[in-house]
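Peer 1: One structure, as C-alpha cells, below. Some questions next.
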Amino acid sequence: MAGHSHWANIKRKKEAVDAKRGKIWTKCSKAITVAAQLGGGDPAANPRLRLAITDAKSARMPNDTIDRAIKKGTGEGKGDAFEEIVYEGYGPAGVAVMVDVLTDNRNRTAPELRKLFDTHGGNLGAAGCVAWNFDRKGVFHLPADKTTEEQLLEVALEAGAEDIQREEESFRVTCEPEVYSDVQEALEAAGIEGENSSVSRVPKDVIEVTGDDARKLMHLLSTLDDHDDVQDVSANFSIPDAEMAEIDG
C-alpha cells in the first residue's frame, strides 16, 4: 500500500536519527520487557519475545541490555510495569491512524496523545473506530540492488511469505506475523540484507491526501512517533510523489 510505503520510508530515516539518540533502544527495551512479562523469559517458548529480541538486535542493542529488559519483565530486575494500549483516531482529511503504546501511566499518556491529535488537525477516536481497516502483517523492505525477485520467490515464499512487490528501488515482502521470524531467518541465511522490517499494521485501503492536509498529516505522524510511550504508528494514506518529495525534503 502506498501509505504504508510512504510512512515506512520516512520512519527508516527517522530511525537512523533516533538510533543515535538511543530512542530506538528505549522502545525495543520496552517491547522486550512487556513480552517477557506476558509470556515468560524464554524466547524459544515465547514468540512475541523472540520477535522483540530480533528487532532489538536489528537495532544493534547490546546483549546485556536485552538481558536486563527480559529480567525486568520476569520480575528479576527492577523496573516499571508497562501496559499495552492501542489508540485510534483520525488525522487531516479523515486519514485513519492507529497508535501502539506501552505506558506505565495511561492517565498521562492518553491526554498527551489527544493533544497531539488536536494540535495537528486530527482527533482521537473511540476504540474500534478504525481498526477494521488494518491487518497485522510482517513487512520486509529489501533493496532491489541486493537481490532479485526470483531469489525472493525462492527464499521468502518457501519460508512462508505471502506476497512480494516491487516498490521503486526496493522489494516489499509481506507475511503473517506467525511466520515473521521464519521469513527473517531465511532471508538472513540467504545473505539478503533488509533496509527495514517489522510486524506492523498495513491498511486495506488508502486515502489520497494533498496540499496542507498532507503536510499536517506528516507532522502528526512524526510527532506521535516521537512520543516516548509510542511503539508504532500506522495510517492509511497516499500522497502524490511530487508532494511527498517536497515534504520529505
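Peer 1: Taking only the alpha carbons of the chain, what extent do you get along each of the three principal axes, in Å, biggest first?
Peer 2: 50, 48, 34
Peer 1: Measure out, as a whole number of angstrom, how far apart the alpha-carbon centroids of the range 19-60 and the range 76-147 sit.
Peer 2: Distance between centres, Cα-based: 18 Å.
Peer 1: Looking at the square roots a ≥ b ≥ c of the eigenvalues of the Cα gyration tensor of the range 138-179, which shape do they give, rounded for a/c under 1.5, prolate if a/b is larger than b/c, or oblate?
Peer 2: Here the range 138-179 falls in the oblate category.
Peer 1: Please compute, for the alpha-carbon atoms of the range 99-152, the extent along each of the three principal axes and give them in descending order in Å.
Peer 2: 49, 24, 23
Peer 1: Are there trypsin sites (Lys or Arg not before Pro) in the range 44-74 that DSSP puts in a loop and that have at most 13 other Cβ atoms within 10 Å, and which ones?
Peer 2: When the trypsin sites (Lys or Arg not before Pro) of the range 44-74 are filtered for loop state and at most 13 Cβ neighbours within 10 Å, Arg60 remain.
Peer 1: Leaving out ligands, DNA and RNA but keeping every protein chain, what accessible area does Glu84 have, in Å² rounded to the nearest 10, with a 1.4 Å probe?
Peer 2: Accessible surface of Glu84 is approximately 100 Å².
Peer 1: Given H placed on each backbone N at 1.01 Å, which residues far from Ile207 in sequence or on other chains put an amide H within less than 5 Å of it?
Peer 2: Those lying under 5 Å, H to H, from Ile207 are Phe237, Ser238.
Peer 1: Oh, and also: Using Stokes-Einstein with the Kirkwood hydrodynamic radius over Cα pairs, what translational diffusion coefficient do you get for the range 66-108 at 37 °C and a viscosity of 0.692 mPa s, in µm²/s rounded to a whole number?
Peer 2: Rounded to a whole number, D works out at 262 µm²/s.
Peer 1: Between their Cα atoms, which of Lys27/Lys204; Lys23/Lys137; Lys30/Lys57; Lys72/Lys137; Lys27/Lys146 are more than 21 Å away from each other?
Peer 2: Among Lys27/Lys204; Lys23/Lys137; Lys30/Lys57; Lys72/Lys137; Lys27/Lys146, the Cα-Cα distance tops 21 Å for Lys27/Lys204; Lys23/Lys137; Lys72/Lys137; Lys27/Lys146.
Peer 1: Separate question: If you average 1/r over all unlike Cα pairs in the range 36-124 and invert the result, what Kirkwood radius do you get in angstrom?
Peer 2: Radius from the Kirkwood sum: 15.1 Å.
Peer 1: Continuing with the same structure: Principal axes first, then extents: for the Cα atoms of the range 109-249, list largest minus smallest coordinate on each axis, whole Å, largest first.
Peer 2: 47, 33, 26
Peer 1: Placing +1 on the Cβ of each Lys and Arg and -1 on the Cβ of each Asp and Glu in the chain, which of Ser198, Gln165, Leu38 has its Cα farthest towards the positive end of the resulting dipole?
Peer 2: Most positive-ward Cα: Leu38.
Peer 1: How many percent of the accessible area of the chain is carbon or sulfur, using a 1.4 Å probe?
Peer 2: 47
Peer 1: So, one more: Add -39500 (n - 2.57) for each DSSP H run of 4 or more in the chain, then divide by its residues: what number comes out at 222 nm, to the nearest 500 deg cm²/dmol?
Peer 2: Taking each H run of at least 4 residues, the total per residue is -15500 deg cm²/dmol.
Peer 1: Using only the Cα atoms of the range 57-188, build the gyration tensor, take square roots of its eigenvalues as a ≥ b ≥ c, and label the shape rounded, prolate or oblate: rounded if a/c is under 1.5, else prolate if a/b is larger than b/c, else oblate.
Peer 2: Oblate, because a/c is 1.5 or more while a/b does not exceed b/c.
The values are calculated or read from the model by the stated rules, or taken from the named source; none is laboratory data. Since this is a predicted model, take the numbers as computed values, not measurements. We place every Cβ from the backbone using ideal geometry, glycine too, and count neighbours over all the protein chains shown. Accessible surface is based on the protein model in full, side chains and every heavy atom, while ligands, DNA and RNA are left aside. Shrake-Rupley method; radii C 1.70, N 1.55, O 1.52, S 1.80 Å.
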